[in-house]
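Below is one structure, written out as structure tokens; the observations come after it.
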Amino acid sequence: QVKASGRNHFKFFDLEMIESIKEKVKIETKIREALKNDGFVLHYQPQIKVDALSIYGFEALLRFKNDTLSPAVFIPIAEESGLIIEVGRWVTNEAILQLYDWKERHINLKPISINLSTKQIMDKGYIEFLRAGLEKYAIPPEFIEIEITESILLEKTEKTIEFLNELKQVGVKIALDDFGTGYSSLSYLTFIPVDKIKLDKSLSDKFLELTNIKVMDSLISLAHSLELEVIAEGIEDLEQYRRLRVGKCDYIQGYLFGKPIEVNEADKIYDSNLSYVIA
Ligand code: C2E
Ligand code: MG
Ligand code: MG
Ligand code: MG
């Protein structure tokens, strides 16, 4: 009996595995097709200056044009298959083109943050690709901010630091994404060339508990003492905004001030003041 049900269970598990492999192959195919047929689009989520409540810049977040599939699902598949190299270059080029478009149409150019996968360190030509793109469209490099995660530091560290230093030499800014999850070691902040830390949503979610507020406040003041800026992500409610303002956080990103939106929607709010959100 036990054996039989064990075997059935095993069979069931196999089928599930096959289904999940099929699903992965399907998604991988979708990514290849999107790369070939202009099937990707960037959505833009506003990043707000805590003091002025104006829009500082936007984070570019990747989407399929014809599917709502989350990048949390398809980016790992792009990474496993190696397609992330081409995807990453597409995102980079698209952000540069968007900056060029904004430069032509808006008086004040605002920075775009893009996410760089740890796997993209293997893209030998990436830094030159980025540099050449910025030069071609005459975009001052500081208008691109590259978001990396701490996992980048778990890989071959010497090579990684060299990569980050070269990236920094291009003149782009570097932000440490999802800070406060994973292996957060504060010592990283002293030997990699970061300009900004992005406090993860999970920190601000637990936020109204006293110990977390203390952690948050200390992280912010530590960052400031290292001359780093701080942005809090995943901010959904007013209470969190108010407390982050007290804690002197520089920027906020989250549904409270806006979800990721298509570029024509971003254009509409580009120069607006968002104080009505907290009124
Ligand atoms: P991330 O870089 O940490 O981006 C923030 C994610 O949190 C985004 O999810 C954003 O839509 C979501 N978010 C922002 N504010 C709030 C909020 O107030 N509440 C909640 N619940 N969520 C909020 P998204 O767009 O689904 O992206 C998920 C992850 O996929 C990103 O996390 C990033 O790691 C990755 N990703 C997205 N686009 C790219 C890309 O172009 N390249 C790479 N390598 N990864 C990307
Ligand atoms: Mg990010
Ligand atoms: Mg993040
Ligand atoms: Mg995050």
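The values are calculated or read from the model by the stated rules, or taken from the named source; none is laboratory data. Predicted model only: the values in this text are computed from it and were never measured. Because the Cβ atoms are built from the backbone with ideal geometry, glycine has one as well, and the counts that use them run over all protein chains shown. Protein only, heavy atoms only, side chains kept; ligands, DNA and RNA dropped before computing areas. Shrake-Rupley method; radii C 1.70, N 1.55, O 1.52, S 1.80 Å.
Worth pointing out:
- Straight-distance crosslink candidates among aspartates and glutamates, where the alpha carbon sits under 19 Å from residue 24 and sequence neighbours closer than 8 are dropped: 14, 16, 33, 67, 79, 80, 86
- Given 206/268; 119/159; 103/136; 49/110; 124/168; 136/196, the pairs whose alpha carbons are separated by over 21 Å: 206/268; 136/196
- Between residue 51 and residue 142, the contour length at 0.36 nm per residue exceeds the Cα-Cα span by 30.6 nm.
- Probing with 1.4 Å while keeping every protein chain in the model, the per residue accessible area of segment 11-115 equals 51 Å².
- Here the gap between residue 127 and residue 158, fully extended at 0.36 nm per residue and compared with their Cα-Cα distance, gives a gain of 9.5 nm.
- Both the radius of gyration and Dmax for the chain are 20.5, 75 Å, in that order, over alpha-carbon atoms.
- Start at zero, step by 10 Å, and the Cα-Cα distances of segment 82-151 spread as 20, 53, 23, 4 percent across the bins.
- Residue among 194, 215, 87 with the largest mean-square fluctuation in a Gaussian network model of the chain, springs linking Cα atoms under 10 Å: 215
- Unit charges on C-beta of K, R, D, E only; dipole of the chain, Debye: 440 debye
- Gain on full stretching of the segment that runs from residue 275 to residue 97 - 0.36 nm per residue minus C-alpha separation: 61.1 nm
- Rg and Dmax of segment 18-99, Cα atoms only, in Å: 14.9, 53
- Structure-based [θ]222 nm, the chain - -39500 (n - 2.57) summed over DSSP H runs of at least 4, per residue, nearest 500: -15500 deg cm²/dmol
- Most fluctuating residue given options 138, 72, 175, as computed from a GNM of the chain linking Cα atoms under 10 Å: 72
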